[in-house]
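Below is one structure, written out as structure tokens; the observations come after it.
The values are calculated or read from the model by the stated rules, or taken from the named source; none is laboratory data. What you are looking at is a predicted structure, and each value in this text was computed from that prediction instead of being measured. Positions of Cβ are generated from backbone atoms using ideal geometry, with glycine treated the same way; all protein chains shown enter the neighbour counts.
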Amino acid sequence: MPVPQFLSDLLQLLLGLAVPAAFCTLAAAGVSLRHEGGTNFHVNGRTGKWVLWTVVFLTLPQLLSWIAAQGITVPSGSGSIGTSWLASMQTIFSNFVNQIVVAKFVPVLAAYFVLKACLDGAAGENPLASIVAALFLMSLSATMQLMQGWNDGSQYATTDMLASLWNYLVGQIMPAAAGLACVGAVINFVRHRPWTRLVFAAISFLSVSGLLALFQAMAA
């Protein structure tokens, strides 16, 4: 039995809205990161969930191809939308996300977090959480392009993208965080404040891959 045209167009609409929806979930991850402390995120917290949804939206066609490979009939995700009002909905929502959310709203939200960092510092609180959230939001488009580049088009693109995200965190973000921790340790040492915790944190940041290999060897 052929798939009705409306259902096929609806599937094309959902697939066409996947990337704009990924922009929205990635922006929500940046906001959630501020609430969770900026320099940390909770296990099963909102930041991790929004990032996971971003990966799912970016790899939705590949995920559907894996489902089809298991013997489940899935309508084809290729083609154009035949229903005019559904096609206009996709265009309107995509333009709204690109021209308003990404181009206008996200920079204003990042500026708000910069202001919040200044207010935190003036109040004697740690401004780092707001700074991290602002940097995350200001690099939203670049982060999205980076994640899209990790999509290899295979049936396992979802898990492959998560693995690439892990490798990027370990290979790029953690060494930078270790350098900042060393700088913080030097500053605290000069100011006669506790500094050993920052040294051990820097060592941990640089040895994340080694610790993971150790845990895997212990579990084997």
Practice task
Being modelled with pLDDT under 80 and of a type in the set (A, V, I, L, M, F, W, C) is the filter; apply it to the stretch 24-47 and report the residue that is surrounded by the most Cβ atoms within 10 Å (Cβ to Cβ).
Solution key: Phe41
Problem - So Val97, is it in the same structural domain as Phe23 (by TED's automatic domain parsing), modelled with pLDDT of 80 or more, out of contact with any Lys or Arg (no Cβ under 9 Å at 6 or more places or on another chain) and surrounded by 12 or more Cβ atoms within 10 Å (Cβ to Cβ) - result: yes
Handout entry: Ala133 being of a type in the set (Gly, Ala, Ser) and over 21 Å from Ala21 (Cα atoms)
Key = no
Practice task
Inspect the stretch 48-61 for any residue being modelled with pLDDT under 90, over 30 Å from Ala201 (Cβ atoms) and assigned by TED's automatic domain parsing to the domain that holds Ser139 and give the result as yes or no.
Solution key: yes
Fill in the blank from the handout: Filter the stretch 84-128 for residues that are assigned to a helix (DSSP H, G or I) and of a type in the set (S, T, N, Q); the one that is nearest to the chain's Cα centre (by Cα) is Asn98
Fill in the blank from the handout: Pairing a residue in the stretch 124-148 that is without any contact (Cβ under 8 Å) to a residue 24 or more places away in the chain and over 16 Å from Ile173 (Cα atoms) with any residue that is charged (D, E, K, R) and part of a helix (DSSP H, G or I), where Cβ atoms lie under 8 Å and the two sit 6 or more apart in sequence or on different chains, gives Asn126/Asp120; Pro127/Lys116; Pro127/Asp120
Problem - Candidates Ile72, Ile67, filtered to the one that is assigned to a loop (DSSP other than H, G, I, E, B) and among the β-branched types (Val, Ile, Thr) - result: Ile72
